[in-house]
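Reviewing the structure listed below.
The values are calculated or read from the model by the stated rules, or taken from the named source; none is laboratory data. Values in this document were obtained by computation on a predicted structure and should not be read as measured data. Because the Cβ atoms are built from the backbone with ideal geometry, glycine has one as well, and the counts that use them run over all protein chains shown.
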Amino acid sequence: MLTVSRVTRRFCVRTCATRRAIGSTGLSGCAGPAGRTLAFTFASDRFSARGPAVSVDGGKSWRCLGREIVRDRTFRHTFAPGEDDVRFSVGMPCTEEHLRAFLQLPSVRGAVGQETLSRTAKGRDVELLSFGRLDGEPRFRVFFTARHHACEMMANYALEGVIAAVLAEDEVGRSDFPAFCARLGWS
């Protein structure tokens, strides 16, 4: 078993099938962990109540491994044969790629206005999304923000639910849709 230590609070490990580094862990020259068990040890306990999350499909879906797998600031993971892109996180990251996919859903596509609110220090656009009544004068105007810090990604998923509810072709969506226009800073 190989132990990977000095992993920081933010961690995402992409395993390698070739001789390249694994994420930001400092482990380099690996031949790929498929079929091996790795232990991830942290300087302090940074795990949520549901334990670390893992994705084996490039970050499209996530599952929590459970708090019970964490022992003395360490968790272990056995990599299945062929697992070439395995990611770990303190939660379920909501990336720009995820946002783009959400905005292309049939129920959302074309119903959400998109602008740039600002730019990050690294030059990435911070999206400003508008939904609800975009024409005319709504009775209410609401501004939502999500994710003020890197590990607050669950707020983005909650706001996806708000957007989906407002745009839904059901009693809630139809009754509340004309009443307000919401703007959303998405980072």
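Just a few scattered comments:
- As a summary of the residue check, residue 121 satisfies the conditions (1) farther than 29 Å from residue 165 by Cβ; (2) assigned by TED's automatic domain parsing to the domain that holds residue 34 except for the one numbered (2).
- For the stretch 152-187, the set of residues classified as modelled with pLDDT of 70 or more and over 17 Å from residue 132 (Cβ atoms) consists of 152, 153, 154, 155, 156, 157, listed by residue number.
- Some residue of the stretch 103-116 being farther than 30 Å from residue 66 by Cα, assigned by TED's automatic domain parsing to the domain that holds residue 166, of a type in the set (Asp, Glu) and at pLDDT 85 or above: yes
- Residue within the stretch 33-43 that is buried (at least 16 other Cβ atoms within 10 Å of the Cβ), in a loop (DSSP other than H, G, I, E, B), touching a residue at least 40 places away in the same chain (Cβ under 8 Å) and out of contact with any Cys (no Cβ under 6 Å at 6 or more places or on another chain) present: yes
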